[in-house]
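Read through the structure below, which is laid out as structure tokens, and then see the notes.
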Amino acid sequence: MELSIEFLKKLAINVYNAVHQLLGTREAAIKSKRGAGGDMSMEIDLIAENVIISSLENSKANLLLISEELGEKYIGDIDKAKKNQNILIVDPIDGSNNAARGIPYCSVSIGYAVGNKIKDIKKAVILNLNTKDIYWAKKGKGAFLNDSKIHISDLDLSQNCYFELNLPMKNLMENLQKLSPIIRKFYRVRILGSSALTLCLVASGRLEAFINLRKSNRLVDVAAGMLILNEAGGKIFTLDGKEINKDLSIDVKFPFIACNVKLEPFLKSELIDKES
Ligand SMILES: [Mg+2]
């Protein structure tokens, strides 16, 4: 039996209930150990992940959990999980540094797939841990913010376009220089700190594009956001303009460009040339 969107929302709300009061506290920021995703796990990351694990264990679900801190772990009956190909791709807290510092922009991201490829993701939930807003989508059924359907914006570069630019700190100035012809076409740039939530901002038409050139960007950060963006009519592609359909694995990392339909040709021609 497939997991319902209501079940996935409940998982996210359980995380909210456990960590909301910890946002910005000293306790939240205690460093623990290096997580499977490669970053240092903080106390708040582990609390959030443990809520997910215990909620799943209490639910009788049989699935493979791919989660930032623990890596990969079967929940329930391994044979049944392998057979039903249910996979949950979770970032317990996307934007951990914001969560620890009390910068109000962090989320829990949950993607649910039946199959082992990105295109097999069927349901997605991203909950804003500051506002409790829930972005969610079911494949083929559209994307929503709480009870309202969302859609990408239809602005083009002749209008005031906003985008997020996420670059590695290494060679920052050099990259900015290289991207300056693109940056100048936009009206405003933002760097917010939770890729999952930023994909939702593009999906809901608050931003026109999200350029994330960090090669360390993890699948767990964006798996759910990709479905929400696609269901809202948005586009997401690799730096060479290709569709992204990788294996669902903790080791998968990739830079990407997400945008509304109007900006797709411009970004593909300009940015892809600049990167190569
Ligand atoms: Mg995280």
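A short reminder: the numbers here are calculations on the coordinates, not readings from a lab. None of the values given here were measured: they were computed from a predicted structure. Backbone-built Cβ (ideal geometry, glycine too); neighbour counts: all protein chains shown.
Looking at 142, 107, 159, which one has the Cα that reaches farthest to the positive end of the dipole of the stretch 102-160 (charges on Cβ: Lys, Arg +1; Asp, Glu -1)?
142
Would you mind computing Rg(Cα) / (2.2 N^0.38 Å) for the chain, counting N as its residues? Mind dumping the intermediate values first?
Values: Rg = 17.9 Å, N = 276, 2.2 N^0.38 = 18.6 Å.
Compactness ratio reported: 0.96.
Where in the chain is the longest stretch that carries no GluC sites (Glu not before Pro) classed as loop by DSSP and with at most 11 other Cβ atoms within 10 Å? Let's see the in-between values first.
Details: sites that count: 2, 243.
With GluC sites (Glu not before Pro) excluded where exposed in loops, the chain gives 3-242 as its longest stretch.
About the Cα centre of the chain, how large is the charge dipole given +1 on each Lys and Arg Cβ and -1 on each Asp and Glu Cβ? Please answer in debye to the nearest 20.
Numbers: 38 positive and 33 negative charges, 46 e Å.
The dipole of the chain has a size of about 220 debye.
Quick one: net charge of residue 161's neighbours, Cβ under 10 Å, K/R +1, D/E -1? Don't jump to the answer; show the numbers that get you there.
Details: positive: 185, 188, 262; negative: 156, 208.
Net charge in that neighbourhood comes out at +1.
If you place +1 on the Cβ of every Lys and Arg, -1 on the Cβ of every Asp and Glu, and leave all else neutral, what size is the dipole of the stretch 5-150 about its Cα centre, to the nearest 20 Debye?
Values: 21 positive and 17 negative charges, 116 e Å.
It comes to approximately 560 debye.
Expressed as a rounded percentage, what relative contact order does the stretch 121-276 have, with Cα pairs under 8 Å and six or more residues apart? Write out the running numbers ahead of the final one.
Values: 306 pairs, mean separation 42.2, N = 156.
Relative contact order for the stretch 121-276 comes out at 27 percent.
222 nm [θ] for the chain, helices only, -39500 (n - 2.57) per DSSP H run of 4+, per residue, to 500?
Values: 8 runs with 89 residues, N = 276.
Mean residue ellipticity at 222 nm (helix-derived): -10000 deg cm²/dmol.
Show me 181-187, 85-91 ranked by packing, highest mean number of other Cβ atoms within 10 Å first. Let's see the in-between values first.
Values: 181-187: 13.6, 85-91: 25.0.
Per-residue Cβ counts within 10 Å, averaged per peptide and sorted highest first, yield 85-91, 181-187.
Give the distance, in whole Å, between the Cα centre of the stretch 139-211 and the Cα centre of the stretch 234-254.
Taking the Cα centre of the stretch 234-254 as reference, the centre of the stretch 139-211 is 17 Å away.
Relative contact order for the chain using alpha-carbon pairs under 8 Å, separation at least 6, rounded to a whole percent? Numbers along the way, then the final one.
Numbers: 642 pairs, mean separation 47.0, N = 276.
Answer for the chain is 17 percent.
Please report 262, 123, 82 as a ranked list, fewest other C-beta atoms within 10 angstrom at the top and most at the bottom. Provide the component values of the computation, followed by the final result.
Numbers: 262 19, 123 24, 82 13.
Listed from fewest to most nearby Cβ atoms, that is 82, 262, 123.
Specify the angular offset, from 0 to 90 degrees and rounded to the nearest 10, of the alpha carbon long axis of helix 43-57 from the longest principal axis of the alpha carbons in the chain.
With rounding to tens, the tilt is 50 degrees.
Helix 264-275 against the longest principal axis of the chain: what's the angle in degrees, Cα atoms only, rounded to the nearest 10?
90
Return one quarter of the surface area of the convex hull spanned by the alpha-carbon atoms of the stretch 162-275, equal to its mean projected area, in nm².
Details: hull surface 26.0 nm².
Computed as one quarter of the Cα hull surface, the answer is 6.5 nm².
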